[in-house]
1. Run the quick spin-label model on Asp177 and Glu336: label points 7 Å from Cα toward the beta carbon, then report their separation in nm to one decimal.
2. Explain nothing, just the number: relative contact order of the chain, from Cα pairs under 8 Å at least 6 residues apart, as a whole percent.
3. Counting only DSSP beta bridges with both residues in the chain, what percent are antiparallel, rounded to the nearest 5?
4. Which angle between 0 and 90 degrees, to the nearest 10, do you get for helix 83-95 versus the longest principal axis of the chain when only C-alpha atoms count?
5. Quick check on packing: order 378-385, 184-191, 317-324 by the mean number of other C-beta atoms within 10 Å, highest mean leading.
6. Among Cys51, Cys390, rank each residue by its count of other Cβ atoms within 10 Å, from fewest to most, as a rough exposure measure.
7. With r as the distance between the Cβ atoms of Thr199 and Ser16 and R0 = 25 Å, compute the FRET efficiency 1/(1 + (r/R0)^6) and round to 0.05.
8. Beyond 32 Å between alpha-carbons counts as too far, so tell me which of Lys22/Lys276; Lys33/Lys65; Lys341/Lys418 fall in that bin.
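Taken together, the values in this text are just the output of simple stated rules run on the coordinates, not laboratory data. Computed from a prediction, not measured in an experiment: that's the story for all the values here. Glycine gets a Cβ as well: all are built from the backbone with ideal geometry, and neighbour counts include every protein chain shown.
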Amino acid sequence: MDKEFLKLVIVDQRRSIEERFKSKSMIVRDASKDIKLENPTALIILGIRRCGKSTLSEQLLLGHKFGYVNFDDERLLGVKTNDLNTILQIFYELYGSNVKNIILDEVQLVQGWEPFVSRLRDTKKVIVTGSSSKLLSGELSTRLTGRHVDLLLFPFSFHEFLIYKKWKVPKAFSTLDRAEIINFMEEFIHDGGFPEHFTQERQIIRNIYNDVIIKDIVIRHKIKHIDSLRQVARFLVSNSAKEFTYSSLRSITQVKNLITLTNWVRYLEEAYLLFKVERFSFKLKQTIIAPKKIYCVDNGIINEISPEFTENKGRLMENIVAIELIRRSVNGNGFELFYWKDHTGREVDFVIKRGRAVDQLVQVTYASSLETVNIRELDAMVVASRDLRCDKLLLLTLDYEGSTIMDGKKIIFTPLWKWLLS
């Protein structure tokens, strides 16, 4: 690709960054607090499109010289491996030969980029971002074994949402504070946390969803049956916080090949649009063959793609809890996440397993008082507690706080907003 054209694009992209930082108040992401950039260790930031990966990368290097290029730019569709060194040369020309920091945004779009990053990170601090979990597979994982730090970034957490809203969490809550935070909780339950949702019209959520389907799945994996793929994606998003099977997917589309459908679900997961949670069993075979539960990365997508979902506040709350637990588990908390269900249909939303033991059972309800809690939810926790030999029982509510004893088992009730901020 022509060097002067590449330089033009890089300068344009840098100017866009500078304008964005001038026009917006950028919040410090929770995930950035423990990040230390040290070569020869590359930082790999992964996550769904538009969740803030680029902004976080730029924030980490604020005040330092850095070269930046975003390959998810239609002008750079023809970039080849041998153009990467030309891009490095352009960085030297623009920012000086002592530029020590490099950001490569959505670099997985350039085939054969891994050796370039491997070479760079010996002398420079390198941040690589991508919207596909496959970024860390193959040659990169081989070349950078033990020499990269991985961070999975999500849309705003509830804590980040409150920071954006400029609402400071008080040390002690007054009646007014409690009413305000519940209102914020209701807004977060409905709208989710995509950063751009707060600065642009709601249509941006549908645009993000469509970009994931087309750019991250259809184009990347050369999908021919686009309408059928859209059917599957919509079905799964609309059934967030519910069980599904691949046979059920086959019944809603003309695609009858289970391998194809299995691959499509995997592609949706690799793009971080959806996350699967398996049913817990001490027998591995039972875990493998049991139905899975599916969760969407953000409630804003659920309510945009499936407007009728809005009234199901319980499932929307459960989806928020699932994503928060996944966020905590993948970024250093060291636990596995499952759900539990017995032969009578009694169900516990989340089973947290540490090592070989079940550490905690978590149930989610939209109830705001003990009287409105469904007794079946409590009964399921008690039965699961005995079955899984776990006495740490937590029920997350909209705003009820307290505890109860049921059949000798203590169940703690905690408001969802308080748990999210813990």
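1. 4.0
2. Details: 641 pairs, mean separation 53.0, N = 422.
For the chain, the relative contact order is 13 percent.
3. On the way: 22 of 50 bridges.
For the chain, the DSSP antiparallel bridge percentage is about 45.
4. Once rounded, one gets 80 degrees.
5. Working: 378-385: 20.4, 184-191: 17.6, 317-324: 22.8.
Packing order, densest peptide first, comes out as 317-324, 378-385, 184-191.
6. Working: Cys51 26, Cys390 21.
Exposure proxy ranking, most exposed first: Cys390, Cys51.
7. Values: r = 15 Å, r/R0 = 0.58.
In this case the efficiency is close to 0.95.
8. Details: Lys22/Lys276 39 Å; Lys33/Lys65 21 Å; Lys341/Lys418 27 Å.
Pairs exceeding 32 Å: Lys22/Lys276.
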